[in-house]
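Report on one structure; see the data block that follows.
The values are calculated or read from the model by the stated rules, or taken from the named source; none is laboratory data. Being a predicted model, the structure only gives us computed values, none of them experimental. Note: ideal-geometry Cβ built from the backbone for every residue, glycine included; neighbour counts use all protein chains shown. When the accessible area is computed, the model is the full protein with side chains, heavy atoms only, and any ligands, DNA or RNA have been set aside. Shrake-Rupley method; radii C 1.70, N 1.55, O 1.52, S 1.80 Å.
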Amino acid sequence: MDHALAVVGPTETAKTLTREAGELAAGVDATLTLLYVADEDQYDEQREQLAQVTRGDSTYSVGQAVEGARAYAGDIGREVLDGVDVEYEAVGTVGDRAETVLSEARKRGCDHVFLTGRKRSPTGKALFGDDTQRIILDAEMPVTVVTG
């Protein structure tokens, strides 16, 4: 492993996985990219909330959402990688989770992806799709998934 991508999030499972990815990367002298993906629904919700608070006098751009996502990934990195000797970059995006994770991993030359998934019945996966499953099936590199 030379460059890993860890998809960060607010759950303890995601934080633990990020820490483990950092420790593994440090152990093999690899670099690490921490990625937070804000989906389009999150972006729309935040934009609407800001418009209500400011009575439409302010806008919330995609660029601001991307910067907020990047800052969040950085905050997670500082929180969970304290004391781990690993070089990492915090990245934030807005978009479809599966497509974005795969695109960022390819763009950055990552050779391993770490992410959390959620337990879902086979019927739920068939009806609603599953981002984790899409990432596993479409990734050209190993993917480590932990469910909480």
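Quick notes on this one:
- Accessible surface for the chain, divided over its residues, is 57 Å² per residue with a 1.4 Å probe.
- Carbon/sulfur fraction of accessible area - the chain, other protein chains in place, 1.4 Å, %: 47
- The Q49 and A26 beta-carbon pair, evaluated with R₀ = 35 Å, returns a calculated FRET efficiency of approximately 0.35.
- Accessible surface ranking for M141, M1, 1.4 angstrom probe, highest first: M1, M141.
- Calculated P(r) tail over 28 Å for the chain, as whole % of Cα pairs: 22
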